[in-house]
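I have a structure I would like to understand better, so I am pasting it below and will then ask my questions one at a time.
The values are calculated or read from the model by the stated rules, or taken from the named source; none is laboratory data. Small disclaimer: the values here were computed from a predicted structure and weren't measured. For neighbour counting, all protein chains shown are included, and Cβ atoms are generated from backbone atoms with ideal geometry for every residue, glycine included. Ligands, DNA and RNA are stripped out before the accessible areas are found, and what is left, the full protein with its side chains, is counted by its heavy atoms. Shrake-Rupley method; radii C 1.70, N 1.55, O 1.52, S 1.80 Å.
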Amino acid sequence: MWKELKDYHKAHKKRRISDLFETPDRAKRFSIEFDGLLFDYSKTSIDTQSLWLLLKLVEENGIPAKRDAMFAGAAINETENRSVLHTALRNLDQRPVMVDDEDVMPYVMDTLQRMEEFAADVRDGSFQGAGGRITDVVNVGIGGSDLGPVMAALALAPYHDGPKCHFISNIDAADATDTLKGLDPTTTLVIVASKTFTTIETLTNAKTVRDWMQAKVAQPAEQFAALSSSITKTAEFGIDASRVFGFEDWVGGRYSVWGPIGLSLMIAIGPDAFRQFLKGAQAMDHHFQTAQEKRNLPIILALVGLWNHQVCGYPSRAVLPYDQRLARLPAYLQQLEMESNGKSVAMDGTPVSQPTGPIVWGEPGTNGQHAFYQLIHQGTGVVPCEFMIAARCHEPELQHHHDLLIANCLAQSEALMQGRSLATARKMMAQKGLDGDELERQARHRVFSGNRPSTTLAYEKLTPYVLGQILALYEHRVFVEGAILGINSFDQWGVELGKELATALQPMVEGTQSAAQKDGSTQRLLGFLTG
Ligand SMILES: O=P(O)(O)OC[C@H]1O[C@](O)(CO)[C@@H](O)[C@@H]1O
């Protein structure tokens with residue numbers, strides 16, 4: 001099917017997206033409305049025929065069966081022989097989910113209840129620090145043990161009514177130093193978040209925070225909680241089992257915000273709002289499992305991605321939330337998408353036949369407009385843009401800001417599609433009184449080629465429920481893209497080599513081992529940095 005798709009794209013390369021709107025109901029036919037969301041992909045070059053071909057990819061690759069296998073607990077993470085069951089964490093109906101003939105739901109619900117009880121105790125002051133009621137929570141984690149709660153805590157800022165959340169992730173001492181500055185160790189709760197509890201950044205930071213606390217608190221371990229799948233290692237660190245919230249290896253790090261890794265978020269927004277977050281994701285799970293393929297949001301979002309990257313050959317995609325509180329969403333999606341689908345071999349170990357995941361990047365609008373949009377509009381490459389925007393903001397008294405935000409968001413996708421012709425640019429310059437060569441020269445700088453694809457995901461308001469929907473939508477998009485590409489979206493071997501080499505380099509940096517075996521560049525840099 002790839003060949004048919006590429007041939008079709010080639011044959012219609014010159015056609016403009018704006019011309020596709022000659023079909024009067026295009027905006028309706030190439031959009032999906034579901035549960036308060038509107039996903040518009042009519043401003044892409046996908047037409048009826050290419051959509052049909054793309055849907056064939058879904059059929060040919062057995063996506064419905066693969067999806068059902070994931071939800072049912074099959075070990076689809078074949079390189080680690082693991083099930084992939086982050087969906088179980090938001091399976092609030094408690095439909096049984098079997099792993100090795102055992103229903104995991106009682107464990108999931110028991111952990112959720114323990115988290116809720118602990119969060120309630122922290123929020124109402126039943127759980128106290130040495131200096132009294134907890135005022136601040138510091139989550140120490142990295143990657144999937146950081147990005148989800150960081151992103152969601154910012155996204156849901158209007159719902160915060162608990163202690164303030166802080167996050168330390170980087171091994172750079174600046175992160176711990178700057179985060180702890182101004183915090184009172186006697187009223188701070190530290191959550192050490194690490195699935196494996198072996199990650200060097202997290203363990204180093206956790207020890208540093210413990211030392212910081214030790215100066216003022218006699219028993220710092222009593223103000224520590226842990227989120228991990230290794231109860232042995234958390235015990236070795238000295239954290240009491242009553243404050244350890246576990247999850248199994250069938251929850252991947254970048255898919256883990258729904259369970260214990262979301263504890264800091266739950267403490268900030270409260271257990272009820274956290275349940276709403278889970279409910280939004282659960283609604284998306286249900287939609288993904290039941291909606292017809294061509295009306296299925298994750299499937300269509302995945303197909304748009306495959307069309308733009310694998311078929312049209314655009315190397316990256318930009319995530320552009322017109323929602324300041326989604327400022328960390330691009331970073332979250334970078335891990336979700338690039339750690340999942342940045343692979344070079346198929347499930348069976350043979351080289352892939354298609355390029356795999358694209359580069360994902362982005363920033364919120366309107367800030368991005370005053371930074372990199374120049375390249376998006378007039379650069380030589382095409383960057384498919386994924387806009388996001390809420391119908392309503394949390395600040396009704398500042399509605400005029402939101403009106404401008406909406407106008408800007410819609411203006412960008414319109415400009416990307418329509419562009420500005422040389423004829424129009426010439427007219428503009430003539431109106432300015434230019435003529436001859438100077439008119440021509442100036443006009444050419446003001447041409448926008450247009451015909452650049454974008455999608456827009458519009459939602460009612462950024463509530464916990466909606467955030468849950470959006471994140472689950474993107475998770476399933478990653479799954480569909482990965483399954484169609486035949487790769488394993490749930491391992492991350494590509495991060496291992498760097499970790500191994502860092503461990504080997506440490507004694508060389510400390511000066512206890514010679515670097516003579518290293519390449520010339522590494523030796524010279526080591527000399528400069530440590531000499
Ligand atoms: O939660 P852990 O085990 O500390 O791992 C943190 C992160 O490290 C990785 O394993 C690799 O960067 C991610 O997949 C994971 O989210």
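For segment 380-454, what is the accessible area per residue in Å², given a 1.4 Å probe and the full set of protein chains? Each step should come with its number before you reach the end.
On the way: 4240 Å² over 75 residues.
Per-residue accessible area for segment 380-454 comes out at 57 Å².
I would also like to ask the following. Taking segment 11-59, which trypsin sites (Lys or Arg not before Pro) meet the DSSP loop condition and have no more than 11 other C-beta atoms within 10 Å? Write out the running numbers ahead of the final one.
Details: sites: Lys13, Lys14, Arg15, Arg16, Arg26, Lys28, Arg29, Lys43, Lys56; in loops: Lys13, Lys14, Arg15, Arg16, Lys43.
Counting only loop positions with at most 11 other Cβ atoms within 10 Å, the trypsin sites (Lys or Arg not before Pro) in segment 11-59 are Lys13, Lys14.
In segment 411-461, which trypsin sites (Lys or Arg not before Pro) are in a loop and have at most 15 other Cβ atoms within 10 Å, using DSSP for the loop call? Don't skip to the answer; put the middle values down first.
On the way: sites: Arg420, Arg426, Lys427, Lys432, Arg441, Arg444, Arg446, Lys461; in loops: Lys432, Arg446, Lys461.
Those that pass, being in a loop and sparsely packed, are Lys432, Arg446, Lys461.
What dipole magnitude, in Debye to the nearest 20, does segment 1-112 give about its Cα centre under +1 on Lys/Arg Cβ and -1 on Asp/Glu Cβ?
1060 debye
Indicate the gyration tensor shape class of segment 42-114 (rounded, prolate or oblate), computed on the Cα atoms with a ≥ b ≥ c the square roots of the eigenvalues: a/c under 1.5 is rounded; otherwise a/b larger than b/c is prolate and the rest oblate.
Working: a/c = 3.39, a/b = 2.12, b/c = 1.60.
It is prolate, given that a/c is not under 1.5 and a/b is the larger ratio.
For segment 271-288 and segment 475-531, compute the distance between their C-alpha centroids and round to whole Å.
Rounded to whole Å, the Cα centres lie 36 Å apart.
Right, here's the next one. So what is the calculated 222 nm ellipticity per residue for the chain, using -39500 (n - 2.57) for each DSSP H run with n of 4 or more, over all residues, to the nearest 500 deg cm²/dmol? Mind dumping the intermediate values first?
On the way: 21 runs with 236 residues, N = 531.
Helix-only estimate at 222 nm: -13500 deg cm²/dmol.
Find the Rg to Rh ratio for the chain, where Rh is the Kirkwood radius over alpha-carbon pairs and Rg uses the same atoms.
Here Rg/Rh amounts to 1.00.
Still on this structure, I have one more. Tabulate in residue order the Karplus-calculated ³J(HN,Hα) for segment 91-97, using 6.51 cos²θ - 1.76 cosθ + 1.60 with θ = phi - 60°, rounded to whole Hz; enter x for Gly and Pro.
7, 5, 6, 6, 4, x, 10
Over the residues of segment 364-431, compute the C-alpha Rg and express it relative to 2.2 N^0.38 Å. Show your work: numbers first, answer last.
Working: Rg = 14.8 Å, N = 68, 2.2 N^0.38 = 10.9 Å.
Dividing the Cα radius of gyration by 2.2 N^0.38 Å gives 1.36.
Roughly how many Å is it from the Cα centre of segment 381-409 to that of segment 90-154, as a whole number?
The distance from the Cα centre of segment 381-409 to that of segment 90-154 comes to 32 Å.
Quick check: from the Cα gyration tensor, does segment 413-531 come out rounded (a/c under 1.5), prolate or oblate? Write down the numbers at each step before the final one.
Details: a/c = 3.47, a/b = 1.57, b/c = 2.22.
Here segment 413-531 falls in the oblate category.
Is the C-alpha gyration tensor of segment 80-225 telling us rounded, prolate or oblate? Criteria: a/c under 1.5 is rounded; beyond that, a/b larger than b/c is prolate, otherwise oblate.
Numbers: a/c = 1.97, a/b = 1.54, b/c = 1.28.
Here segment 80-225 falls in the prolate category.
How about segment 2-108: which GluC sites (Glu not before Pro) there are in a DSSP loop, with at most 14 other Cβ atoms within 10 Å of their Cβ?
Values: sites: Glu4, Glu22, Glu33, Glu59, Glu60, Glu78, Glu80, Glu102; in loops: Glu22, Glu78, Glu80.
Here the sparse-neighbourhood loop sites are Glu22, Glu78.
Turning to a different aspect of this structure: Lys and Arg at +1, Asp and Glu at -1: add these up for the other residues within a Cβ distance under 15 Å of Gln412 and post the number.
Numbers: positive: Lys43, Arg317, Arg420, Arg452; negative: Asp40, Asp323, Glu363, Glu386, Glu414.
Net charge around Gln412: -1.
Kirkwood hydrodynamic radius (Cα pairs, Å) of segment 163-219?
Values: mean 1/r = 0.0845 Å⁻¹.
For segment 163-219, the Kirkwood estimate is 11.8 Å.
Got a sec to turn the phi values of segment 16-25 into Karplus ³J(HN,Hα) couplings, 6.51 cos²θ - 1.76 cosθ + 1.60 with θ = phi - 60°, whole Hz, x for Gly and Pro?
8, 4, 4, 5, 5, 6, 5, 6, x, 9
Follow-up question, since we're still on this one. Among the lysines, which fall within straight-line cross-link reach of Lys207, defined as a Cα-Cα distance under 22 Å, with same-chain neighbours fewer than 8 residues apart omitted?
Filter leaves Lys164, Lys181, Lys195, Lys216, Lys233, Lys499.
Averaging sequence separations of C-alpha pairs under 8 Å and six or more residues apart, then dividing by the length of the chain, give the relative contact order as a whole percent. Before the final figure, lay out the partial values.
Numbers: 870 pairs, mean separation 96.9, N = 531.
Relative contact order here is 18 percent.
Right, here's the next one. Cα centroids of segment 443-467 and segment 324-365: how far apart, whole angstrom?
19 Å
Okay, moving on. Report, to the nearest whole %, how much of the accessible area of segment 9-97 belongs to carbon and sulfur atoms, 1.4 Å probe, protein only.
Working: 2230 of 4420 Å².
Within segment 9-97, the accessible surface is 50 percent carbon and sulfur.
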